[in-house]
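These notes concern the structure reproduced below.
Each reported figure results from applying straightforward, stated rules to the coordinates on display, with no laboratory input. Small disclaimer: the values here were computed from a predicted structure and weren't measured. Methodologically, a virtual Cβ is constructed for each residue, glycine included, from the backbone with ideal geometry; neighbour enumeration extends over all protein chains shown.
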Amino acid sequence: MKRFFMAAAAVAAVFSIGAAAPAAAAPHSEDKVLTSTVAADDVSAMAVSCSNLYWCIWRDPNATNNNYRYTWFGSDGNYANNYWSGVTVSNKASGVWNQGDRQFVVIFDGPDYTGNWACVPANTHIPDLRNAATGDTPVGWWNERISSHKWSNTCTR
Ligand SMILES: [Ca+2]
Ligand SMILES: [Ca+2]
């Protein structure tokens, strides 16, 4: 009887692995690249900027100035201790711009590089995260969800 159950469990495990394979498979990096689903506005018409070698985020979607911009030269595992006028920037970013010299900024839903993740390629400005998606997250999912980021030359977590 015990042997029967073990065999049944093994069959069930094989079946469930096969059935779950599409969702459980390691993500292809292209599925993790965050892109805007709308054409970018003319940046030159906006009074926003992000210096060379920096990762910049904005509190507001389609920000028209840098009043609520936050910038980093390095990686940061904890947005909770960065503030705009006393309010944490964690889970608040609605616009991003990668001006770094690495291939990607990898963004994370959780602190300390945990949770869901996505890659923002170099020289990419997404002024409204409500209009951005990856291959595995719906449009707008990343709006107000970024809690940590790190530089990387590969689109991997
Ligand atoms: Ca926001
Ligand atoms: Ca988050």
*asked:* I'm told residue 61 meets every condition in (1) within 12 Å of ligand 2 (Cβ to nearest atom); (2) touching a Pro at 6+ places or on another chain (Cβ under 8 Å); (3) part of a loop (DSSP other than H, G, I, E, B); (4) not hydroxyl-bearing (Ser, Thr, Tyr) except one. Can you identify the failing condition by its number?
replied: (1)
*Taking segment 85-122 as the search range and keeping residues that are outside any strand (DSSP E or B) and over 20 Å from residue 62 (Cα atoms), which one is nearest to ligand 1 (Cβ to nearest atom)?*
86
